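Structure record follows, encoded as structure tokens.
The values are calculated or read from the model by the stated rules, or taken from the named source; none is laboratory data. Computed from a predicted structure; not experimentally measured. For neighbour counting, all protein chains shown are included, and Cβ atoms are generated from backbone atoms with ideal geometry for every residue, glycine included. Side chains are part of the model used for accessible areas, which takes the heavy atoms of the whole protein and leaves out ligands, DNA and RNA. Shrake-Rupley method; radii C 1.70, N 1.55, O 1.52, S 1.80 Å.
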There are 2 protein chains.
Amino acid sequence: MNCELISVGTEILLGDILNTNARFLSKELAALGISLMYQTTVGDNEERLKAALDTAFTRADTVILTGGLGPTPDDLTKEVCADYFGKKLIMREDILEEIRSYFLSKGLTMPESNGKQAMVPEDSTVLPNKNGTAPGFIMQQNERKIIILPGPPREMEPMFTEQVVPYLRKFSQAVIKSHTVRTFGIGESAMSERVADLLENANPTVAPYAKDGEALLRITAKAESEEAADELISPLLEDIKARLGCCVYGIDAQSIEEATVSLMKERGVTVAFAESCTAGLCAKRITDISGASEVFHCGVVSYSNEIKSKILGVASEDLDRFGAVSDIVAAQMALGVKSLSGADYGVAVTGMAGPTSDDPEKEVGLIYIAVTDGESLYLKEFHGRKSGSCRDYNRFVAASNAINQLRLCIIKSPQLRSEGNIKEFINSYPRN
Amino acid sequence: MNCELISVGTEILLGDILNTNARFLSKELAALGISLMYQTTVGDNEERLKAALDTAFTRADTVILTGGLGPTPDDLTKEVCADYFGKKLIMREDILEEIRSYFLSKGLTMPESNGKQAMVPEDSTVLPNKNGTAPGFIMQQNERKIIILPGPPREMEPMFTEQVVPYLRKFSQAVIKSHTVRTFGIGESAMSERVADLLENANPTVAPYAKDGEALLRITAKAESEEAADELISPLLEDIKARLGCCVYGIDAQSIEEATVSLMKERGVTVAFAESCTAGLCAKRITDISGASEVFHCGVVSYSNEIKSKILGVASEDLDRFGAVSDIVAAQMALGVKSLSGADYGVAVTGMAGPTSDDPEKEVGLIYIAVTDGESLYLKEFHGRKSGSCRDYNRFVAASNAINQLRLCIIKSPQLRSEGNIKEFINSYPRN
């Protein structure tokens with residue numbers, strides 16, 4: 001089976017809404033092992049929709065359309081598709097009743113216009129919509145299939161999973177299974193070089209890509225069952241993990257914060273953050289993960305120098321002398337928040353997010369991260385973007401690096417260099 | 001000019017990433033008055049990408065491609081497009097140098113593979129990439145134009161806005177200008193009713209929509225110049241502002257936080273946040289705005305009860321008795337962070353973000369917000385989502401409400417009801 005997606009809706013062409021349906025359906029088709037070569041978006045326009053169907057059927061035998069099933073006159077997906085297969089639309093009283101009772105269940109009476117949604121292409125399979133008023137349809141003509149689904153994701157997604165997947169499964173020979181190796185602290189090209197030979201593989205394939213400042217490797221196997229696919233993948237996974245070492249933070253992990261929170265739960269350790277330039281982003285990302293309260297109790301957003309001294313006990317002489325963006329201030333912030341919170345680890349971030357720098361000696365993008373377990377200090381200095389839309393990027397990457405530094409510290413990574421005892425570091429810091 | 005978009009990337013066809021580029025570019029093209037009839041997505045595959053170009057040029061004179069400019073062998077957008085116009089790729093030493101220094105600026109040496117990104121289609125206009133290593137290109141052949149942009153939004157968006165928009169503007173006849181009225185605290189339908197008559201307008205059009213729990217009104221005028229468009233829009237804007245009152249927080253404002261930060265700068269006031277369920281999201285969103293340091297010095301993420309008492313001075317009897325999610329705790333958090341920070345306003349958020357509730361008497365989605373100027377207390381209780389993917393939504397909407405409550409407090413909105421003096425509220429709270 002060769003499938004193609006057509007998203008129908010002028011609001012998508014105008015950029016008013018994000019096309020999440022295309023992503024959802026693509027993921028589902030991949031999981032079914034059904035190949036999808038093209039996605040197309042077209043407006044609510046009879047002629048252009050027909051043209052899109054023509055093009056699609058030159059390349060695919062099955063076309064899935066979403067959107068344009070609404071009650072208004074500009075919704076015409078069903079009409080165009082029925083006509084495309086030379087079918088009439090027939091009024092189905094039973095469906096009209098369902099739509100009426102759907103409105104009644106909400107204490108409303110059905111507007112006249114919704115009657116349109118009870119019109120059904122002849123010889124089609126109707127897909128009831130339990131989350132809305134527009135049913136979906138499956139139409140078949142020889143080898144060619146048209147599957148029509150409503151546009152709103154909360155109506156389309158369950159309809160697809162519960163009614164279309166069982167239908168499609170009959171046509172899918174193979175299963176395509178993917179696993180993603182997520183890394184941190186290595187660039188896409190450097191990572192690709194370490195696994196260069198594997199990128200030649202036919203099945204499973206190994207494909208590198210970059211996302212939000214991280215490098216990822218996707219391993220995709222085609223087989224007749226999920227199990228068989230996993231058997232193809234697992235030896236490759238082990239090989240890749242061995243080659244990339246500590247840079248690998250998770251397989252199919254959602255994010256560095258998710259991987260780190262589950263690592264902390266596993267080890268039963270807690271963390272507290274002192275954030276300057278990231279200003280709450282570390283805490284926000286850690287607590288995006290449900291159940292983070294087990295490992296995170298407290299964060300201090302010390303945006304001003306006064307607060308760094310007052311709440312975290314950073315020496316104001318050091319702030320005056322070395323500036324808020326310095327290793328010595330990062331170290332004191334980390335120790336300060338660890339003591340204040342009683343957490344096992346204190347993590348501090350201070351840097352110049354940009355777009356401008358308020359310290360002539362510090363350039364935009366300069367960021368210091370300090371992690372301490374109360375004994376040792378682990379420092380990281382790095383450079384984000386100097387210009388452009390750098391602020392969001394620098395803050396995001398600073399938070400990612402802080403969370404990753406914590407992860408490396410917990411797993412006692414050989415990558416980490418300790419600065420020795422944190423109190424000694426602070427006391428014996430060269431101040432003259 | 002008739003434009004078409006081609007998004008290149010197998011990761012999009014597999015549903016691994018959401019195609020936000022198509023939305024961004026569609027919005028931008030609409031604003032330029034350039035018609036876009038189709039969007040297509042195709043994988044990193046020479047033959048199919050060529051076929052997509054063929055199809056596109058039967059319907060459009062200008063094709064914009066995003067993605068496939070990376071350093072790896074499967075990135076071939078530039079190669080296919082050059083070949084499509086019968087052009088060779090030439091190595092540009094100057095660009096190679098820029099890429100090298102980009103890596104150097106990060107303390108890295110350029111991997112060999114990135115050299116590929118210095119190859120340029122002959123006779124093309126090169127679009128420098130200040131946020132990455134892959135430059136973009138504009139190629140023209142008779143009436144046909146190909147515009148190639150990198151895939152990562154952080155690189156593509158500024159490149160498009162700063163370098164491609166000025167180029168495209170030359171080809172667009174009419175100007176389509178939009179202004180967006182952003183509101184908070186009023187639903188889409190309630191807002192629509194207040195402006196029902198205006199929704200009939202032909203030019204400018206007035207269109208309501210909902211986004212991230214806010215109701216927006218987009219006013220769009222078509223005219224021969226920006227100025228002429230603005231003349232059509234401004235009287236309508238005034239009318240709408242008058243009808244919606246305090247609910248309007250900004251015209252073309254990016255967000256409630258942007259509007260609130262500029263309001264605070266204007267008034268010269270400062271704020272501190274005490275966050276429980278939002279856990280840093282308020283601080284993060286306020287400091288997303290460049291220059292926020294003028295108005296924001298300090299935030300405390302008091303995720304655990306211990307920290308609420310220890311740092312913010314919330315009475316532990318009240319925590320035990322009324323629970324962390326209660327108006328009395330919110331009030332003490334707000335007062336606590338105001339005193340601790342010395343800011344003009346203290347804002348506190350505590351609630352049940354979900355997915356589960358750890359207090360049988362409090363349902364998921366229950367959120368309390370407290371704002372104080374040290375004298376009066378302004379409380380808000382509201383209910384977010386009870387189930388489904390509620391966590392992110394509840395946290396986001398809780399932060400939005402906290403920031404809006406602060407805004408209403410600063411402008412002394414008649415909408416706000418004061419609970420009277422905050423210390424009296426806390427002392428005389430019914431405890432038996």
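For region B:31-90 versus region A:97-139, the inter-centroid distance based on Cα atoms is 40 Å.
Quick check: net charge around residue B:280, other residues with Cβ under 13 Å of its Cβ, Lys/Arg +1 and Asp/Glu -1? Mind dumping the intermediate values first?
Details: positive: A:284, A:285, A:395, B:284, B:285, B:395; negative: A:257, A:275, A:288, B:275, B:288.
Its environment carries a net charge of +1.
Given the whole protein assembly as supplied and a 1.4 Å probe, what does the accessible area of residue B:286 come to in Å², nearest 10? Number for this one is 0 Å². Full extension of the chain segment joining residue A:294 with residue A:317 gains 4.6 nm, where the gain is 0.36 nm per residue of separation less the Cα-Cα distance. Does anything in region A:269-312 have its amide N under 16 Å from the 7 Å Cα→Cβ label point of residue B:254, and if so which residues? Backbone N within reach: A:278-279, A:281.
Share of the protein assembly as shown's accessible area from carbon and sulfur, percent, 1.4 Å?
Numbers: 17330 of 34380 Å².
Taking all protein chains in place, the protein assembly as shown shows 50 percent carbon and sulfur surface.
For the interface of chains B and A, what total accessible area is buried with a 1.4 Å probe, rounded to the nearest 100 Å²? Numbers along the way, then the final one.
Numbers: alone 20180 and 20160 Å², together 34380 Å².
The B and A chains share an interface burying roughly 6000 Å².
In this assembly of identical copies, the label point of residue B:383 (Cα plus 7 Å along Cα-to-Cβ) is separated from its counterparts by 5.5 nm, sorted shortest first. Look at where the Cα atoms of region A:1-22 and of region B:218-247 average out, and the two centres are 30 Å apart. Using a 7 Å offset from Cα along Cα-Cβ at residue A:126, what residues in region A:91-116 end up with backbone N under 16 Å from the label point? Counting only backbone N, you get A:91-103, A:114-116. Normalised Debye scattering of chain B at q = 0.07, 0.09, 0.14 Å⁻¹ gives log10 I(q)/I(0) of -0.48, -0.75, -1.18, counting only Cα atoms as equal scatterers and leaving out solvent. Copy-to-copy label distances for residue B:143, where each label lies 7 Å from Cα along Cα-to-Cβ, are 3.6 nm in order of increasing length.
Annotation: region A:107-237 has a Kirkwood hydrodynamic radius of 18.6 angstrom, from the mean reciprocal C-alpha pair distance. Here's the picture: a label point sits 7 Å out from the Cα of residue B:174 along the beta-carbon direction, and within region B:18-52 the residues with their amide nitrogen under 20 Å of it are B:26-38. Taking the charge dipole of the protein assembly as shown about its Cα centre, with +1 at Lys and Arg Cβ atoms and -1 at Asp and Glu Cβ atoms, the residue from B:408, A:244, B:104 reaching farthest to the positive side is B:408.
Which shape class applies to region B:107-162: rounded if a/c is under 1.5, otherwise prolate when a/b exceeds b/c and oblate if not, where a ≥ b ≥ c are the square roots of the Cα gyration tensor eigenvalues? Spell out each step's value before the answer.
Values: a/c = 3.03, a/b = 1.49, b/c = 2.04.
Taking the square roots of the gyration eigenvalues as a ≥ b ≥ c, region B:107-162 is oblate.
Per residue, how many Å² of accessible area does region B:166-265 show with a 1.4 Å probe?
Details: 4640 Å² over 100 residues.
With all protein chains present, region B:166-265 gives 46 Å² per residue.
Between the residues A:176, B:355, A:187, the greatest Cα displacement towards the positive end of the dipole of the protein assembly as shown, with unit charges on the Cβ of Lys, Arg, Asp and Glu, is found for B:355. Distances between equivalent label points of residue A:20 across the copies, with each point positioned 7 Å along Cα→Cβ, amount to 1.4 nm, shortest listed first. In percent, rounded to a whole number, the relative contact order of region B:88-246 is 15, using alpha-carbon pairs under 8 Å and six or more apart.
So if I place +1 on the C-beta of Lys and Arg and -1 on the C-beta of Asp and Glu, and nothing else carries charge, what would the dipole magnitude of the protein assembly as shown be about its Cα centre? I want it in debye, nearest 20.
On the way: 90 positive and 120 negative charges, 174 e Å.
Using only the charged Cβ atoms, the result is roughly 840 debye.
Extents of region B:314-371, taken as max minus min of Cα coordinates on every principal axis and listed largest first, are 36, 22, 12 Å.
Take the Cβ atoms of residue A:72 and residue B:417, set R0 to 35 Å, and the FRET efficiency comes out at 0.30. By the Kirkwood approach, averaging reciprocal distances over each pair of separate Cα atoms, the protein assembly as shown gets a hydrodynamic radius of 29.4 Å. Counting only residues at least eight positions apart within a chain, or on another chain, the lysines with an alpha carbon under 26 Å from that of residue A:130 are A:27, A:78, A:87, A:88, A:106, A:116, A:145, A:170, B:211, B:386.
Return the equivalent ellipsoid semi-axes of region B:1-155 as a descending list in whole Å, where each equals the square root of 5 times an eigenvalue of the C-alpha gyration tensor. Before the final figure, lay out the partial values.
Details: eigenvalues 128, 60, 46 Å².
For region B:1-155, the semi-axes come out at 25, 17, 15 Å.
Using only alpha carbon pairs under 8 Å that are at least six residues apart, calculate the relative contact order of region A:308-347 and give it in whole percent. Relative CO of region A:308-347 lands at 35 percent. Dividing the convex hull volume of the alpha carbon atoms of region B:277-432 by its residue count gives 106 Å³ per residue. Mean separation of Cα pairs under 8 Å and 6 or more residues apart, divided by the residue count, gives chain B a relative contact order of 10 percent.
Of all GluC sites (Glu not before Pro) in region A:111-152, which ones are in loop regions per DSSP and have a Cβ with at most 14 other Cβ atoms within 10 Å? Filter output for region A:111-152: A:122, A:143.
If you take every DSSP beta bridge fully contained in chain A, what fraction is antiparallel? Give it as a percent rounded to 5.
Details: 44 of 70 bridges.
Rounded to the nearest five, the antiparallel share is 65 percent.
Computed over region B:1-93, the P(r) tail beyond 19 angstrom holds 42 percent of alpha carbon pairs.
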